[in-house]
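For reference, the structure is listed below as structure tokens.
The values are calculated or read from the model by the stated rules, or taken from the named source; none is laboratory data. Keep in mind the model is a prediction, meaning the values are calculated, not measured. Methodologically, a virtual Cβ is constructed for each residue, glycine included, from the backbone with ideal geometry; neighbour enumeration extends over all protein chains shown.
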Amino acid sequence: MHPPPIDQGTVLIIGATGGIGRELSRLLSRRVRTLVLVDRHAERLEPLREELLARNPTLGVLIHRCDVGAPREVDALLAYLDAHFVRVDVLVNNAAVGDRSLYAEERWGRVEEMLRANVWLPALLTHRLLGPMLERGRGGVLNVGSGAAHLILPGSAAFAATQRFLDGFTEALRLEVKDRGITVTRVAPGPLWDEGAEDVTGEVAPFFRISLARCAREALAGFERGEPVVYPGFGHRWVMRLLPLLPRGLKRSLGRLALRGLRREALLPPQAPTVGPEQPVLLAGEPSSA
Ligand SMILES: NC(=O)c1ccc[n+]([C@@H]2O[C@H](COP(=O)([O-])OP(=O)(O)OC[C@H]3O[C@@H](n4cnc5c(N)ncnc54)[C@H](OP(=O)(O)O)[C@@H]3O)[C@@H](O)[C@H]2O)c1
């Protein structure tokens, strides 16, 4: 096993200004030579760069605004990397889009955005960047996914499916490149909370929730150990380890319970939906503008 070339390396983080991506940027800023921060929020990229430079004035920080759901913008990102002679040692695929809605009620645009950010983009960037890593005989890909990959999750049908892609993709790719100096790891967190946020309460028991910062620390540590998958947090880790032991029928029953729970909260219609596709049924947490 080769530890991924983090120290004094160049790390590209997709979805760098929010959540886990921001915490990973902070952690890595103390160790890498260059960070390339990509996000769709231009207004959050510059303050993050300033923060990281204040922590480590010798750090090289490149920032690039890009909506990774837009193929033209991704082409522009790849051209930007070439133009700046960026040799990516480690790729962190962290930007993802989630859903909280009955699938039939979701806007197709939203589903498409999800497929692009969660499936198409990690596949494309890995394809583009893996070749040069293999030539150098060193590199790493850290795929930030979700424990949803292992659940039957009504209300998040497309999201859970995209996470299964990331699971299968990571596991197979890892075996293909393991002996050629490349580390490939998937992080599959459960519920997280932001220490910086005012409201850290939630519907999930505190035993299962960990902070974004801890999630990032555990993700990085597992990646450096070359683990195929990291389940951050003690409670979540045990649930994830026990899940494969459950028969699929039982998982379906749990899914049915979850669906009933959503309906009880009056977040989903009791039977067949009565609204048209132009009036999507949204669940709590789903931005209404989405
Ligand atoms: N937070 C959790 O509880 C949790 C739990 C399990 C798994 N995860 C996984 O962890 C990863 C990161 O989640 P997070 O909660 O840390 O996410 P986040 O706070 O939303 O941060 C991700 C960053 O990526 C950006 N982004 C999203 N779509 C993009 C696009 N098309 N182009 C460019 N940038 C884009 C986000 O912008 P916006 O803010 O505009 O979206 C945000 O700045 C995801 O893969 C998620 O599935 C998170």
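In the stretch 101-114, what residues are part of a helix (DSSP H, G or I), closer than 23 Å to Leu259 by Cα and either modelled with pLDDT of 95 or more or not acidic (Asp, Glu) (or both)? Of everything in the stretch 101-114, those that are part of a helix (DSSP H, G or I), closer than 23 Å to Leu259 by Cα and either modelled with pLDDT of 95 or more or not acidic (Asp, Glu) (or both) turn out to be Tyr103, Ala104, Trp108, Arg110, Val111, Met114. Any chance you could count how many residues in the stretch 198-234 are modelled with pLDDT of 95 or more and over 28 Å from Ser29 (Cβ atoms)? Of the residues in that region, 0 qualify.
Residues in the stretch 72-83 that are of a type outside the set (Lys, Arg), without any contact (Cβ under 8 Å) to a residue 40 or more places away in the chain and out of contact with any Asp or Glu (no Cβ under 8 Å at 6 or more places or on another chain): Asp75, Ala76, Leu77, Ala79, Tyr80, Asp82, Ala83. The test for being more than 16 Å from the ligand (Cβ to nearest atom) and either under 18 Å from the mean Cα position of the chain (by Cα) or part of a helix (DSSP H, G or I) (or both) holds for Leu134. Scanning the stretch 1-41 for residues that are closer than 24 Å to Ala76 by Cα, of a type in the set (Gly, Ala, Ser) and in contact with a Lys or Arg (Cβ under 7 Å, 6 or more places away or on another chain) yields Gly9, Ala16.
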